[in-house]
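Here's the structure we're looking at; comments come further down.
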Amino acid sequence: MVASRLVLALGLVATLLLSACAPGGAGGATAGTSANEQDITADLRAANWGGNPTENSLVKKYIDDFMLKYPKIKVTQEQIPDAFEDKIKTQMTAGSEPDAMYVSTNLMNFAAPAGKLLDLTPLMSKWGVSKDEYVQSLLSPWQYNGKLYGLPKDFGDLVIFYNKKMFTSAGLQPPKSWDDVRSSAKTLSKGDVKGISLPDDSARWNALLFAWGGKVLSADGQTAVFNDKAGVDSVTFYSSFQLTDKSSDLPKNLGASWAGDAFGKEKAAMVIEGGWLIPYMKDTYPSVEYGTVVLPAGPSKQASLLFTNAWGCAAKTKNPDACMLFVKYMTGKEVQKQVLESGFALPARKDLANDPFFSTHPNEKTLFDSATFAVPWTFGPHESKVTEAMNNALGAILLGKSTPKEALDKAVADANTALKQ
């Protein structure tokens, strides 16, 4: 899972038949009429974004394992390589969406208000699934009007990655406060190497915004409010690394495609990134030794950004019980432990917090523990316009084209125009 440059590039669309379940299917009861999981008979379509061979192969394995456990439920995997949300929305409008699907926050913000997703709450009770099984901060993005429309399948959040060799050579300890981050970045900036690389990306600055006590939207989600004092102070601090201290630069100015690439090339001693950087470093820059620390507390609180996706079911599915069993399995401990061990993402379940895996993978443990104070990064049905406005403001500030207050005021006005549509 990737965020911001959340590289969620993802295989090929499979053109498949619509699901159907004939009453009284062979060898079992009609779907939805039995309290025995093994009696449920159904054909399901399940869609995930495609394109990433690792993720596609993992999902295929989980589906195959599910069908071994539930031999009367046939699941056809559909991989959608690009524009996943747009294509699912189009299918929903046409009434041809799959039974089960990845649900991003973007899709959730469209589909739940439109009545296109199935409320899982009664089915969770029926099939023995408790909300308490999951990391609690991961549940809020899937709740709407008191109903739950998805169960989290995995997540990512933000921590500070630091270059161990650079820190040791400079006699520095890993940063524990934002003042430490700033002073370390200045010390480590030498020649064409910067102490940190902070991109013009609101999916990094917003972690500071929340830590400074700010918000993106008002409590009712109707108004953009990130131009208040907390917004101005946090973006001023964020931009001070580049504009005042000269201890940060944009990744492209460091000859890198993104901040993680600048870190791997050792052009930046620190970056604020998520778990997606771990397999990237292993595959691309295996010789670089690094560590991780949680994002420090700000003036108001400690915060990180939470990026998560869920498995959900279409409201129109003819097989709600089978779909719930599928979601239960895909977010259950058996699959989630494999998610953890794959290194591809972090599991959504609380009962894996003390898994032996973490004792030998401290960086993943830092990321997992950060979920307790991370804020879900989602801003309603006009999310893309809101983030675009924030990104434009941050870019103007870092380029010195606008003061923080001027840039944020304009961005809030642009965001509010979108919110009124």
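What the table shows:
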quantity: Residue within the range 232-254 that is modelled with pLDDT of 95 or more, under 20 Å from the mean Cα position of the chain (by Cα) and of a type in the set (S, T, N, Q) present; calculated: no
quantity: Lone unmet requirement of (1) buried (at least 24 other Cβ atoms within 10 Å of the Cβ); (2) out of contact with any strand residue (DSSP E or B) (no Cβ under 9 Å at 6 or more places or on another chain); (3) of a type in the set (G, A, S) for A345; calculated: (2)
quantity: Hits in the range 347-379 - residues which are in a loop (DSSP other than H, G, I, E, B) and closer than 30 Å to M390 by Cα; calculated: P347, A348, A371, T372, F373, W377, T378, F379
quantity: Output for the range 81-139, where each listed residue is closer than 13 Å to C323 by Cβ, open to solvent by less than 30 Å² (accessible area, probe 1.4 Å) and out of contact with any strand residue (DSSP E or B) (no Cβ under 6 Å at 6 or more places or on another chain); calculated: L123, M124, W127, V129
quantity: Flag if V59 is at pLDDT below 95, in a loop (DSSP other than H, G, I, E, B) and among the β-branched types (V, I, T); calculated: no
quantity: Subset of the range 87-110 (residues that are under 18 Å from the mean Cα position of the chain (by Cα) and part of a helix (DSSP H, G or I)); calculated: T105, N106, L107, M108, N109, F110
quantity: Check on D64, at pLDDT 95 or above, open to solvent by less than 10 Å² (accessible area, probe 1.4 Å) and either over 25 Å from the mean Cα position of the chain (by Cα) or not aromatic (F, W, Y) (or both); calculated: no
quantity: Test result for D283, open to solvent by 50 Å² or more (accessible area, probe 1.4 Å), over 30 Å from L117 (Cα atoms) and acidic (D, E); calculated: yes
quantity: Members of the range 192-230 that are modelled with pLDDT under 95 and under 20 Å from S257 (Cα atoms); calculated: none
quantity: Residue among E334, E341, E364 that alone is among the charged types (D, E, K, R) and farther than 26 Å from A47 by Cα; calculated: E364
quantity: Residues being of a type outside the set (G, A, S) and surrounded by 22 or more Cβ atoms within 10 Å (Cβ to Cβ) - total across the range 176-199; calculated: 6
quantity: Qualifying residue in the range 211-225 (condition: aliphatic (A, V, I, L, M), surrounded by 24 or more Cβ atoms within 10 Å (Cβ to Cβ) and more than 11 Å from M390 (Cα to Cα)); calculated: yes
quantity: Elements of type strands (runs of 3 or more DSSP E) in the range 248-313, at least 2 residues being in contact with an Asp or Glu (Cβ under 8 Å, 6 or more places away or on another chain) and on the phi < 0 side of the Ramachandran plot; calculated: 304-313
quantity: Residue satisfying all of: in the range 306-319; in contact with a Lys or Arg (Cβ under 8 Å, 6 or more places away or on another chain) and among the hydrophobic types (A, V, I, L, M, F, W, C); surrounded by the most Cβ atoms within 10 Å (Cβ to Cβ) among these; calculated: A310
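The values are calculated or read from the model by the stated rules, or taken from the named source; none is laboratory data. As the structure is a prediction and not an experimental result, all values here were calculated from the model. Counting neighbours? That spans all protein chains shown, and the Cβs are built from the backbone with ideal geometry, glycine included. Side chains are part of the model used for accessible areas, which takes the heavy atoms of the whole protein and leaves out ligands, DNA and RNA. Shrake-Rupley method; radii C 1.70, N 1.55, O 1.52, S 1.80 Å.
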